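Here is the structure we will look at, set down as structure tokens.
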Amino acid sequence: MNDSYEAATHETGTPEAAKREVEVVVIGAGQAGLAAAYHLRRTGFEPERDFVVLDHSPGPGGAWQFRWPSLTYGRVHGMHALPGMELTGADPARPSAEVVGEYFAAYERTFGLRVRRPVDVRAVREGADRRLLVETSAGAWSTRALINATGTWDRPFWPRYRGQETFRGRQLHTARYAGPEEFDGQRVLVVGGGASGTQHLLEIAPYAAATTWVTRRPPVFREGPFDEDAGRAAVALVEERVRQGLPPKSVVSVTGLPLNDAIRAGLESGVLDRQPMFERITPEGAEWSDGRRVAADVILWATGFRAAIDHLRPLRLREAGGGIRVEGTRAVTDPRIHLVGYGPSASTIGANRAGRAAVRDIRRLLAEREPVAA
């Protein structure tokens, strides 16, 4: 860091010398962030001059680059292509992290999106002249609008249970899952009733000495096709939560788990023998209120993720319910802020649509104030 960088200091603690002005800052370069950047580019915004994309990950691929090696591309469900460029010819036997990472990298090159990485966004706060100040590890940007596309991968949710700190075995969240081989010969307690809980449990069971599946509520399995009408209804339920300012839930939480061949086999074999939530964790495992105990070497928390939005805290966007109230993609209390990949747009196809909608609204907002340079 040079002397001129440290010398001039903004009242917020951000060096003035490092501050650059753009029309839009996009935070995050996963599916939602790249979709938004694509629509900015195709509607006349130039990368670096008019907008900048900041990504804290080491390389292209969003959260996909951190998926476990045994999750091959052929086992991925619901991967929707980015706008303007299909993903074709991928080997289904290759790890999804490699396939999607290479696809995202090619996408960035094809459309000249010039993603800056690794850049950690530390805070977004009110700046001068109705602008927002985005403070990062690479300096600061002053912007007229912000597209937040940070997803959830960086905020794995760890619930707290009595006795958790006494457990002598290993505890890990599915965010750090590296594959089933690491559980070879171990007794594994899997906590969580979502898609990740069942997927990991079915994958681990052939390697583990024993598995136990625990959920807070009985799992709901969905039979029959999940058609477009059902999808819209599920998204509408998630969308209603964010309209009310409540923390978003996943679409799976309102649709239930698809009763596919793998799930049926797991139910028939007894691997998916769901147990109610334990009362406490012991040094050797877990204990229920009736005194029953299960020994475990590993507790795998398949307990989901929360939206990574702590950097927005200075803007005071959170409602009393704990979430940010959103209409479409726009934060209700601040039309300069758009959240894509948040709540109802957390799927790959939803992220594409949200990116387009956010850019449309931002163009309208900026045009109302002053013309945007072509």
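Every number here is computed from the coordinates shown, using simple stated rules; none is lab data. Only a predicted model underlies this, so the values are computations on that prediction, with no experimental measurement involved. Here Cβ is always computed from backbone atoms with ideal geometry, including for glycine, and neighbour counts include all displayed protein chains.
Laid out as a table, the results:
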read-out	value
Candidates Gly30, Gly151, Gly245, ranked by Gaussian network fluctuation over the chain, Cα under 10 Å, top entry	Gly245
222 nm mean residue ellipticity, helices alone, for the chain (DSSP H n ≥ 4; -39,500 (n - 2.57); rounded to 500)	-8000 deg cm²/dmol
Residue of Arg168, Arg144, Arg117 that the Gaussian network model of the chain assigns the largest fluctuation, springs spanning Cα pairs under 10 Å	Arg168
Segment 257-318 - Debye-derived log10 I(q)/I(0), Cα point model, q = 0.26, 0.28 Å⁻¹	-1.13, -1.18
The chain - Rg over Rh from alpha carbon coordinates, Kirkwood radius	1.00
The chain - share of DSSP beta bridges that are antiparallel (%, nearest 5)	40 percent
Rounded to the nearest 20 debye, dipole of segment 115-180 from Cβ charges on Lys, Arg, Asp, Glu	200 debye
In nm, spacing of pseudo-spin labels at Glu279 and Arg313 (7 Å Cα→C-beta vector)	3.6 nm
Signed unit charges on C-beta, dipole axis of the chain, positive-most listed residue Ala105, Phe66, Thr333	Thr333
Gain upon complete extension [Arg243, Asn260; 0.36 nm per residue less C-alpha separation]	2.9 nm
Dipole moment magnitude, nearest 20 debye, the chain about Cα centre, only Lys, Arg, Asp, Glu C-beta charged	720 debye
q = 0.09, 0.11, 0.14 Å⁻¹: log10 I(q)/I(0) that the Debye formula gives for segment 77-209, counting C-alpha atoms only	-0.49, -0.70, -0.98
Backbone N under 18 Å from the Asp120 label point (7 Å along Cα→Cβ), restricted to segment 150-177	150-156
Viscosity 1.567 mPa s, temperature 4 °C, Stokes-Einstein D of segment 29-138 from Kirkwood C-alpha radius, µm²/s	85 µm²/s
Span-like helix ranges in the chain, DSSP H, alpha carbon extent 30 angstrom or more, Kyte mean at least -1.0	348-369
Segment Arg94-Arg222, extension gain: residue separation times 0.36 nm, minus the distance between their alpha carbons	43.2 nm
Principal axis box of segment 136-223, alpha-carbon based, largest edge first, Å	55, 39, 29
Shape call, segment 295-365: gyration tensor on alpha carbons, a/c limit 1.5	oblate
Extension gain (nm, one decimal) between Arg130 and Arg49, 0.36 nm per residue minus Cα-Cα	27.2 nm
